[in-house]
Amino acid sequence: MTHAEKNAIISGIGQSQVGRRLNRNALDLTIEAALLAIADAGLTVADIDGLATYPGGMPGSRDGFPGPGTPVVQDALRLELNWHSGAPEGPAQVQAIINAAIAVSAGLARHVLVYRTVTESTAQGQRRRPAIGAGAADIDGPMQWSLPFRALSAATWTAMYAQRHFHEFGTTKEQMGQIALNARRNAGLNPTALFREPMTMGDYLGARIISTPFGLLDCDVPCDGSTAMIVSALDHAPDVGHPVARFEAVGSALTGRASWDQRADFTSMAAHDAAAMMWSRTDLRPNDVDVAQLYDGFSWLTMSWLEAVGFCGRGESGPFIEGGRRIALDGDIPLNTHGGQLSGGRLHGFGFVHEAVTQLRGGGRERQVVGAEVAVVGAGGGPLGGALLLTRLA
């Protein structure tokens, strides 16, 4: 059986300037990334007939998180669209990319511009980026059980999972530190990464505590930037002029409770649901993967994804990454080759897809994984997760 996503490719990628407190308009960054992606796909603006983003614009938001909605970008580029989509919930950030692949496969559009834009660093600098729920007049839903106890941040919610993993499996902070150290080593080879100076285990362990067991260097770095890609019909591949990334499988399942604190297994997250679906849609297996780009909003999330994708068993991510050899550029499974969000900057999931495509095209320069033909992307943490398996198509 041929699954629908196999009829779609990522034909072009583009990324705006990425930095801390750029004080640039979110739409300005979006258009910069979009035009680069369109040109990279061998297309013109007039060829774009689909548009998608995550989370889809949130009127009134001033925290730098949502980015411009699709109507704003459609108007700015004067696009004539057959299909567009933007929604705040779903299989994490890659929802927009999965939606685009399915739309192309269904013939609803031929070339979909997909983008994700953040200006969280500038908002933070202008003191417009409060903790989630802070200052809310009315609190309801699940947050009513956490916000009154000053659990205002995803750092606190995720730390509970990490602490349980430490307790149940003997995971250590030194083991978890390999995620941050590996990211920093790779960022040193990426000229667009925000933090490129060397980091030692001493630096990592000495960082101030944010929410036990997380220190400052376990947390991703708010930044400003936009990432865009073009999801096209498969038959466009010969016209692009460079290798493209073909969708091999997607994972969007949510079988457990969509909750930070009510999941049946408190050492796993929705990543496990998404990864299981992804593997059910392909004959490839984890040992076929050449490079992994796995979400690192907090370092332990990457460990959860390593287990979810099947690079190691349940509870085994600590020993798996101990010493850092297996996840290095020349290791068994090169991980977050651009520096991830811990050192590269929090582009909220889309940076991982951009890097996966870069690796499959052989464009990683000093950080390139030799012979990369299969890449996995895991996006999101906690109650939402989405997965992509991409292959090189020359």
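The values are calculated or read from the model by the stated rules, or taken from the named source; none is laboratory data. Please read these numbers as outputs of a predicted model, since none were measured by experiment. Here the Cβ positions follow ideal geometry from the backbone for every residue, glycine too, while neighbour counts run over all protein chains shown. Accessible surface areas use protein heavy atoms only, side chains included; no ligands, DNA or RNA. Shrake-Rupley method; radii C 1.70, N 1.55, O 1.52, S 1.80 Å.
One residue stands out among those in the range 314-328 that are assigned to a loop (DSSP other than H, G, I, E, B) and free of Cβ contacts under 8 Å to residues at least 24 places away in the same chain: the one that is least open to solvent (accessible area, probe 1.4 Å), which is R326. The number of residues in the range 143-177 being in a helix (DSSP H, G or I), of a type in the set (S, T, Y) and touching a residue at least 60 places away in the same chain (Cβ under 8 Å) comes to 2.
Condition test on N190, is it part of a loop (DSSP other than H, G, I, E, B), of a type outside the set (A, V, I, L, M), in contact with a Gly (Cβ under 9 Å, 6 or more places away or on another chain) and open to solvent by less than 20 Å² (accessible area, probe 1.4 Å)? Spelling it out, N190 is indeed part of a loop (DSSP other than H, G, I, E, B), of a type outside the set (A, V, I, L, M), in contact with a Gly (Cβ under 9 Å, 6 or more places away or on another chain) and open to solvent by less than 20 Å² (accessible area, probe 1.4 Å).
Selection of the range 317-328 for residues being closer than 23 Å to E168 by Cβ and out of contact with any Lys or Arg (no Cβ under 9 Å at 6 or more places or on another chain) yields S317, G318, P319, I321, E322, G323, R326, I327.
Restricting the first member to the range 39-50 and to residues that are closer than 15 Å to Y115 by Cβ, and the second to residues that are in a loop (DSSP other than H, G, I, E, B) and open to solvent by less than 20 Å² (accessible area, probe 1.4 Å), the beta-carbon pairs closer than 8 Å and six or more apart or on different chains are A41/V240; V45/L79; I48/L79; G50/A109. Here the range 66-86 is the region considered, the condition is being of a type in the set (G, A, S) and in a loop (DSSP other than H, G, I, E, B), and the residue that is farthest from A123 (Cα to Cα) is G69.
Might you check whether a residue that is in a loop (DSSP other than H, G, I, E, B), open to solvent by 50 Å² or more (accessible area, probe 1.4 Å), of a type in the set (G, A, S) and touching a residue at least 12 places away in the same chain (Cβ under 8 Å) occurs anywhere in the range 99-109? Yes, some residue in the range 99-109 is in a loop (DSSP other than H, G, I, E, B), open to solvent by 50 Å² or more (accessible area, probe 1.4 Å), of a type in the set (G, A, S) and touching a residue at least 12 places away in the same chain (Cβ under 8 Å).
Taking G331, is it in contact with a Lys or Arg (Cβ under 6 Å, 6 or more places away or on another chain), assigned to a loop (DSSP other than H, G, I, E, B) and either surrounded by fewer than 24 Cβ atoms within 10 Å (Cβ to Cβ) or of a type in the set (D, E) (or both)? When the stated conditions are applied, G331 passes them.
Scanning the range 21-61 for residues that are on the phi > 0 side of the Ramachandran plot and either among the small types (G, A, S) or not in a loop (DSSP other than H, G, I, E, B) (or both) yields G42, G56, G57, G60.
Against the list (1) touching a residue at least 12 places away in the same chain (Cβ under 8 Å); (2) open to solvent by 50 Å² or more (accessible area, probe 1.4 Å), the condition N182 fails is (2). Mind checking which residues of the range 209-219 are crowded, with 24+ Cβ neighbours inside 10 Å and of a type outside the set (A, V, I, L, M)? Of everything in the range 209-219, just one residue is crowded, with 24+ Cβ neighbours inside 10 Å and of a type outside the set (A, V, I, L, M), namely D218.
Of the residues that make up the range 346-353, is at least one free of Cβ contacts under 8 Å to residues at least 60 places away in the same chain, touching a Lys or Arg at 6+ places or on another chain (Cβ under 8 Å) and more than 15 Å from A271 (Cα to Cα)? Within the range 346-353, not a single residue is free of Cβ contacts under 8 Å to residues at least 60 places away in the same chain, touching a Lys or Arg at 6+ places or on another chain (Cβ under 8 Å) and more than 15 Å from A271 (Cα to Cα). Answer yes if at least one residue in the range 117-129 is modelled with pLDDT of 95 or more, in contact with a strand residue (DSSP E or B) (Cβ under 8 Å, 6 or more places away or on another chain), part of a helix (DSSP H, G or I) and open to solvent by 30 Å² or more (accessible area, probe 1.4 Å), and no otherwise. The answer is no, given that none of the residues of the range 117-129 is modelled with pLDDT of 95 or more, in contact with a strand residue (DSSP E or B) (Cβ under 8 Å, 6 or more places away or on another chain), part of a helix (DSSP H, G or I) and open to solvent by 30 Å² or more (accessible area, probe 1.4 Å). In summary, strands (runs of 3 or more DSSP E) completely within the range 221-301 and bearing 1 or more residues that are open to solvent by 10 Å² or more (accessible area, probe 1.4 Å) and in contact with a Leu (Cβ under 7 Å, 6 or more places away or on another chain) occur at 244-251. Residues in the range 269-291 that are among the polar types (S, T, N, Q) and touching a residue at least 60 places away in the same chain (Cβ under 8 Å): T282 only.
Scanning the range 302-313 for residues that are open to solvent by 10 Å² or more (accessible area, probe 1.4 Å) and either among the β-branched types (V, I, T) or in a helix (DSSP H, G or I) (or both) yields E307, A308. For the range 352-382, the tally of residues that are closer than 20 Å to T53 by Cα, open to solvent by 10 Å² or more (accessible area, probe 1.4 Å) and in contact with a helix residue (DSSP H, G or I) (Cβ under 9 Å, 6 or more places away or on another chain) stands at 1.
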